[in-house]
Each structure stands twice: as C-alpha cells, then as structure tokens.
There are 2 protein chains.
Amino acid sequence: MNKASLNEKFAMIHEHWRPKVVAQLNGQEVKLVKLAGIFPWHHHEQDDEMFLVWRGQMTIEFRDRRVILQTGEFCVVPRGIEHRTMTDAEAEVLVFEPAETRNTGNIVDTRFTAPNGVAI
Amino acid sequence: MNKASLNEKFAMIHEHWRPKVVAQLNGQEVKLVKLAGIFPWHHHEQDDEMFLVWRGQMTIEFRDRRVILQTGEFCVVPRGIEHRTMTDAEAEVLVFEPAETRNTGNIVDTRFTAPNGVAI
C-alpha cells in the first residue's frame, strides 16, 4: 500500500532490455524496462503482454506489419504471436504480463534473456 | 494488436467513476476512469487493484492513513483492504485488475456501482 513514482523508478534503471518489477497483483506483474536497439524475435506461448510507452517511442514488429507506439500509446500482444520490439532512441516502457513471463518468451538468448522477479 | 492512445481514450469519457475497458489480457483488464469527488468505502474480497494516475492527483484513503498519488505515481491496494478514492479536481486514472472486479467491491451503490466490461 505504498506508492511509487514511475519517473523515480525509471531513474533507477541503468541497463536496457532487463525488466524490473515495480508492482505485483493477481499473479501479474508491472515491469519497467528501458529499450534501445532491436530485441530478438520471440513469442509467449501462454501469456498476453501489454506495452505502454511512458517516454519516447517504440516499435512492435510482427511478421506482417509494424506498430509504432508514441508516448502514452499502448498495445497488447496476444499469446502465441511472434513479435520483436525495437527503438531508434532509448524509450521507457511499462509491461503488464503474468509474473512468470520470460522476456524472450520461447527463446533463450545469452544477451537478451533477463532474470525474472528483479524488483526495484 | 492494434494500438491505442491514453489521451484519445480519456477524451472519450464524459462521466466520473465509471471505468471503461481499454485492454484485456490474461484475465485482467486495464480500465480508464475519470475521478471527481469521493467514492464509497469498499474492499475487493479476491482482487488486488492497481491505480496509476495519468493526469491530476488522487487520494486513496485507508482506515488508518491516506496515500496521495500525483501524475505518474501508482499504488496497489491488496485484496481485502478497505479503501476509498477521492479527488479535489478531476483526475484521469488507469486501473489494472481482474476482468470481473466490480468497482464498488463488496458493496452495491445506486450512484457509484458501474457495469463491468464497458469497452471504449
């Protein structure tokens, strides 16, 4: 029941692509992540995933099209749908998804797969 | 997999305290609500509830203290905890909670209880 500030939490993140948990509820987590560059193609077998851009711009690429999200825009990627995320410049993004969701979904990538449950 | 804008969605809401669903995922919903005034005391027996202020300021009052959320601040109200929300001026708020969560929780109020599942 303590409050937190998105700006203050994002200021504590000094790496890209490694989500940090800022809230847990109903088996879900709200994670903050700073994006920069291009993430690997993947999908989540069981988990829908929502992206909400807090600062900057990001692209979600599907196999047949791209969705460009500006600050204050959001998109749900349904389970099973292959996608990758990318940015030209650093972006700050909220992710809503089940607590056990691996950031790289069905793949394991030595550079990009991040540990779950890292809270800030 | 379509994107949406929080500002555009909030601009479509012309009433207070009646949440509108803007995203569904993993049995949860993201709802937008405009707050103004004081909401009744209630709790949610089974559901944790997260509030994130998009514009303005809101107060979450518990029986023993108040949490004041400014724009960009958030708070999770755990299941079973009695609370009420209030604002001095209109505020725009995201709510993240299970899809079946009734806005007034354990009470039914002719003025404040809103229908579930109203999407915009």
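The values are calculated or read from the model by the stated rules, or taken from the named source; none is laboratory data. Quantities reported herein were computed from a predicted structural model and do not represent experimental measurements. We place every Cβ from the backbone using ideal geometry, glycine too, and count neighbours over all the protein chains shown. Note: accessible area is taken over every heavy atom of the protein model, side chains too, but ligands, DNA and RNA are not part of it. Shrake-Rupley method; radii C 1.70, N 1.55, O 1.52, S 1.80 Å.
Key figures
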read-out: Selection within the stretch B:1-14 - within 8 Å of chain A (Cβ to nearest Cβ) and either outside any strand (DSSP E or B) or in contact with a His (Cβ under 9 Å, 6 or more places away or on another chain) (or both); value: B:M1, B:N2, B:L6, B:N7
read-out: Which numbered condition A:G105 fails, given (1) buried (at least 21 other Cβ atoms within 10 Å of the Cβ); (2) under 27 Å from B:F10 (Cβ atoms); (3) in contact (Cβ under 8 Å) with a residue 40 or more places away in the chain; value: (2)
read-out: Residue within the stretch B:78-85 that is of a type in the set (S, T, Y) and within 11 Å of chain A (Cβ to nearest Cβ) present; value: no
read-out: Any chance B:M50 is modelled with pLDDT under 95 and facing another protein chain (nearest Cβ under 10 Å); value: no
read-out: Subset of the stretch A:62-91 (residues that are farther than 17 Å from B:S5 by Cβ, part of a strand (DSSP E or B) and touching a residue at least 40 places away in the same chain (Cβ under 8 Å)); value: A:H83, A:R84, A:T85, A:M86, A:T87, A:A89, A:E90
read-out: Boolean, A:V67 is touching a Leu at 6+ places or on another chain (Cβ under 6 Å), surrounded by 15 or more Cβ atoms within 10 Å (Cβ to Cβ) and among the hydrophobic types (A, V, I, L, M, F, W, C); value: no
read-out: Test for B:W17: is it under 21 Å from B:A119 (Cα atoms), in a loop (DSSP other than H, G, I, E, B), open to solvent by 10 Å² or more (accessible area, probe 1.4 Å) and not aliphatic (A, V, I, L, M); value: yes
read-out: Some residue of the stretch A:39-51 being assigned to a loop (DSSP other than H, G, I, E, B), closer than 27 Å to A:N7 by Cβ and under 11 Å from the mean Cα position of the chain (by Cα); value: yes
